[in-house]
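See below for the structure under consideration.
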Amino acid sequence: MQNSPLSLSDKGVKRVPPSPSIPILRLDTEMHRAVINRIDVDAAERYLVTGSDDKTARVWTLPEMRLLRVLRLPIGEGNEGKVYAVTISPDGETVAVGGWTGYDWNEGVSIYLFNRATGEMRQRLTGLPTVVNHLSYSPDGQYLVASLYKSGIRIYQTSDYMLYAEDTDYGDRSYWADFDNQGRLVTSCDDGYIRLYNQQFKLLKKRKALGGNRPYTVRFSSSGDEIAVGFADSTQVNVLSGKDLSTLYNPDTRGVDNGNLLSVAWSKDGRWLYAGGNYHDSTGISLILRWEKAGQGSYDAWFAADDTIMDIQALREGSIIFGSADPTIGLFNANGQLTLSHDAEIADFRESLAGLLLSKDGTQVKFSYEVWGKRPASFSVNERILTVYPRPDSNLIIPYTEGLNITDWKHQYQPKLNGKALTLKEHEMARSLAIAPDGQHFILGTDWYLRFFDKNGKQQWKVSAPGVAWDINIAKNGKVAAAAFGDGTVRWYRLDDAKELLAFFPHNDGKRWILWTPEGYYAASSGAESLIGWHINQGPERAAEFFPTARFRERFYRPDVVAQVLGGDGNQEPKQQAIQKIVPPVVTLLSPEDKARFSNSTLEIRYRIRRVSKEPITTLKILLDGRPLKAIREKIVSETEQRLQITVPQRDVEVSLIAENRYAASEPATVRLRWRGGKHQIKPKLYILAIGVSDYDNNSLDLNYAAQDARDFVKVLEQQNSLYREISVKLLVDASKNDILDGLEWIEQQVTQDDVAIIFVAGHGINDTNGHYYFLPRNFNEQSFKRTALAYHDIKNTLSVLQGKVLFFIDTSFKTVKQGGVADIDKIANDLSSAENGIVVFASSTGKQSSQAEPGWQNGAFTEVLVEGLRGAADSNRDAKISLNELDSYLSTRVKALTNGKQNPMMAKPQTIQDFPIVFIKH
């Protein structure tokens, strides 16, 4: 449930005006990362909207449940910006968002109205006295109702969104309001009453609910004759008369003996009644119940989520969508099969058994991705290596919880020291404990804070927690503490003054991770740069902007800085650049809309570019299916609507626009379009440039298998050729720098828009003293470094202009030379795979790992597994195709097993590139 806010009239509440000039560094994944409070669907069932405590609302396409857009509202510290309510207008054009929205600002709580198609804020409804718990449009779209934490309900007419009616005579929180098809309204309230209003919103009836003390969800049946009620404090469900709120019947809930069934919904045809909440089975899985005969028959149970079912929406043909506190969104068909779902992309640190383990200096941490300590992992800050299922390490220490008489600290509201209660806020629950090695202090982790006490119980400091503090530990050196939070992050704090030093986010896929300082300096694995970014408020009347850290790679990608933080005093960071001065433009696509159909190869694109900084726009790039189609560098107009025409092939396409200034490129504005005509399936041509250097002029650099890796890679692709109408190969073994440059020029001249280009590179790679990557050709001479080493920009310049789909495989070993160090493959992969470059990268390793090889393989580990996979082992679904995602999954699992965890390959894929097959095979 949400936090308990005060009303705006309560005394002693400090008002803090919004600060648009201060960027906020935030974690951001494709999926919500906190409880999903509400979901809604438009009348035509084209769009799903979701609202979360993570301070975003999201728009998803139906039936695919593909993320279309993130709606970003103005946010602040603490609760400011949490979304408790979201609804979409019946026509699908407007999304209303409310919650703790504007509460911390002088003018009161706001409801934000967003343009669903563009994500722009259309209007703001102001002056609400308390936070908004629920929003709903009437079926005809003429009214919007808001249920408030206090002071009842407000009803707006949508012609001008002026206040039309209100009822302030509510004794407690109102959590729900629902219209029937005739325009009547029913509401719930924690005062125990259900209220029924007529079409003019005059109160008709007010009755106490009988199934529990806290009625939560209320829903009209499709006919309006029945009203279903779910309770926050009961597993009963009531069905009331839609005329006078009298009790008609209670669905059978025998055996439903824990939690609650707070969320209810009717099927569209009224045949089925659904309910869910935190009622769960013996394994802890939350269930959705479905009763036949409109709730008067027997029920079956569907396994849905790991946490509370917060909302259920019924669709046509008996399917339903739910949102949960995990967070998860899922789609059940009429047979109870979970056909689509998006689960949380964060680690679940709950009930980790051993707790959060730390090395003596705090630079190594061990945690678990799943509840009850399942899927353990460790991470080294210095080595930048993430290991899933690591070997036992005696250097990692569990939290001390003994030595001081601290009791009632695990999931309790009143923790005690020597029998005396420690001071917490009302409803603040203690979750975790760590006692300092010297026994003089301890940290208590709670739902809302980390609290640092001395041994006598005097609080020394407290800091706000970004989520529930599930685990806490203090390093043996007594200098730093680390905590694992409900938002999926592990964060380090200096013990002396509570300064946050570092934050670490391990993506739940077990591969991607990002590590950053509060100032925004970061290190990241391949494909992980966009997991954090800068949220910049644009004032209360406009949608906020979000810029992933990838946009500022050249300034903020600093693994060297990050690695020094825990070993120093926490003040090692260079001076931070002013984010506002270097942010890229923002592109908005106005038409065509997503999933629009077209029948002419000439498309007109309507768009608008807005400058967030003062920097002029230098380039507008148009991408087709993630690859360059056209670039405009003259007369780029901002702020006003613009039009351009492009020619596209006669098939389904994806068009993206990216605007650049001299500092950074924008996030792509993308639309997927469907071709109306017949299919014109043309097999692509495959171009392969394979480079392998084993025999160097400088014999001390010689490698065993790089050249053979290139040969074997080419061989397996030539054998699996049914996907392509033709394969053209240039194999460069033990090549000089000039030979490699010629090869890059060859592939640049050959590849067209309909082709696929694959570049494979195996050999030595190093960074120079300035951190720039170089590949070492056969004739590399350390005395003539710049002249004989192949610079990364030569590779990038070719790959980024190729017109077709581009895959880059890089298998790099490293050799120490006077002018160079370990190659940073993560940086290369993230750069090439950015949307503006559009290249899919497969890297043989991550962090400071080097490629492994054994004589028995006759290849490096990466190529050994790569060849296995392309021969068919990676075809996990047995459809005779091997796609990007299948190959990535096979490589990551098999290479790790083959090398005993010493090597972890990664794939980095641009967000504008969809999964596609690389080869067809014969089983």
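Bear in mind that the values in this text are calculations on the coordinates, not laboratory data. Predicted model, so just to flag it, every value in this text is computed and none were measured. Here the Cβ positions follow ideal geometry from the backbone for every residue, glycine too, while neighbour counts run over all protein chains shown.
A few remarks follow.
- Checking every one of the GluC sites (Glu not before Pro) in the range 634-718 against DSSP loop status and a limit of 12 other Cβ atoms within 10 Å picks out 634, 639, 641.
- Added length on full extension, which subtracts the Cα-Cα distance from 0.36 nm per residue, residue 662 to residue 900: 81.2 nm
- All lysines inside 21 Å of residue 635 as judged from Cα atoms, apart from same-chain residues fewer than 8 positions distant: 614, 621
- Cross-link reach list, lysines versus residue 205, counting only Cα pairs under 19 Å and skipping chain neighbours closer than eight places: 243
- Here the Karplus curve 6.51 cos²θ - 1.76 cosθ + 1.60, taken at θ = phi - 60°, turns the phi angles of the range 583-592 into couplings of 5, x, x, 10, 9, 10, 7, 8, 6, x Hz, with x standing for Gly and Pro.
- Sorted largest first, extent of the range 765-845 alpha carbons per principal axis (Å): 38, 23, 21
- Extents of the range 270-344, largest first, come to 33, 26, 17 Å (Cα atoms, principal axes, whole angstrom).
- Rg/Rh for the range 217-265, where both radii come from Cα atoms and Rh is the Kirkwood radius: 0.98
- Each residue of the range 350-358 was assigned a 3J(HN,Hα) from its phi angle through the Karplus expression (A = 6.51, B = -1.76, C = 1.60, θ = phi - 60°), giving 5, 6, 7, 6, 7, x, 8, 9, 10 Hz with x at Gly and Pro.
- Per-residue Cβ neighbour rank within 10 angstrom, fewest leading, 429, 121: 429, 121
- Each pair of Cα atoms in the range 35-269 enters the Kirkwood radius, and Stokes-Einstein at 37 °C and 0.692 mPa s then converts it into a translational diffusion coefficient of 184 µm²/s.
- Paramagnetic reach from residue 749 in the range 706-743 [backbone N under 17 Å; point 7 Å along Cα→Cβ]: 728-732, 738-743
- Where Rh is the Kirkwood radius over Cα pairs, Rg/Rh for the range 482-551: 1.03
- Ellipsoid equivalent to the range 475-522 - semi-axes via the Cα gyration tensor, in Å: 21, 12, 9
- Restricting the calculation to Cα atoms, the range 29-103 yields a radius of gyration followed by a Dmax of 11.8, 37 Å.
- Here the Karplus curve 6.51 cos²θ - 1.76 cosθ + 1.60, taken at θ = phi - 60°, turns the phi angles of the range 504-517 into couplings of 10, 10, x, 4, 5, 6, x, 10, 7, 8, 9, 10, 8, 9 Hz, with x standing for Gly and Pro.
- Rel. contact order, % - alpha carbon contacts under 8 angstrom, at least six apart, the range 583-675: 40 percent
- For the range 357-524, a Kirkwood hydrodynamic radius built from all Cα pairs, placed in the Stokes-Einstein relation at 37 °C and 0.692 mPa s, yields a translational diffusion coefficient of 204 µm²/s.
- P(r), alpha carbons of the chain - 20 Å bins starting at zero, rounded %: 13, 42, 35, 9, 0
- By the Stokes-Einstein formula, at 1.306 mPa s and 10 °C, the range 685-920 with its Kirkwood radius over alpha-carbon pairs has D equal to 90 µm²/s.
- Reachable aspartates and glutamates, given that their alpha-carbon falls under 12 Å from the alpha-carbon of residue 416 and they are not under 8 places away in the same chain: 408
- In this rough spin-label picture, where each label sits 7 Å from Cα along the Cβ direction, the residue 257-residue 801 distance is 7.3 nm.
- The distance between label points at residue 683 and residue 335 comes to 3.6 nm (points 7 Å beyond Cα on the Cα→Cβ vector).
- Dimensions of the range 121-208 along the principal axes, based on C-alpha atoms and rounded to the nearest Å, stand at 38, 29, 15, largest first.
- Close amide-amide hydrogen proximity is noted between residue 369 and 377, each under 5 Å apart and 5 or more residues distant or on a separate chain (H modeled in the peptide plane; Pro and chain starts excluded).
- In this label model, residue 857 and residue 354 are separated by 2.8 nm, measuring between points 7 Å along each Cα→Cβ vector.
- Structural descriptor for the chain: relative contact order 6 percent, calculated from alpha carbon pairs under 8 angstrom and at least 6 residues apart.
- Amide H to amide H, with H built 1.01 Å from N, residue 249 comes under 5 Å of 239, counting only residues 5 or more places away or on other chains.
- Which of 651, 512 has the fewest Cβ neighbours within 10 Å, and the rest in rising order: 651, 512
- Over the range 308-381, the reciprocal of the mean inverse Cα-Cα separation, the Kirkwood hydrodynamic radius, stands at 14.6 Å.
- Modelled FRET efficiency - R0 25 Å, residue 597 with residue 67, Cβ distances, 0.05 increments: 0.70
- Estimated at 0.36 nm per residue, the fully extended path between residue 418 and residue 301 surpasses their Cα-Cα distance by 37.5 nm.
- In terms of overall dimensions, the range 220-315 has a Cα radius of gyration and Dmax of 12.5, 41 angstrom.
- Extension reserve of the residue 182-residue 395 stretch, reckoned as 0.36 nm per residue once the Cα distance is removed: 69.9 nm
- Counting beta carbons within 10 Å around each of 45, 30 and listing the fewest first gives the order 30, 45.
- Residue-averaged [θ]222 nm for the chain, counting only DSSP H segments that reach four residues, each worth -39500 (n - 2.57): -2500 deg cm²/dmol
- For the range 583-675, the C-alpha radius of gyration sits at 1.05 times the compact-globule guess of 2.2 N^0.38 Å, with N the residue count.
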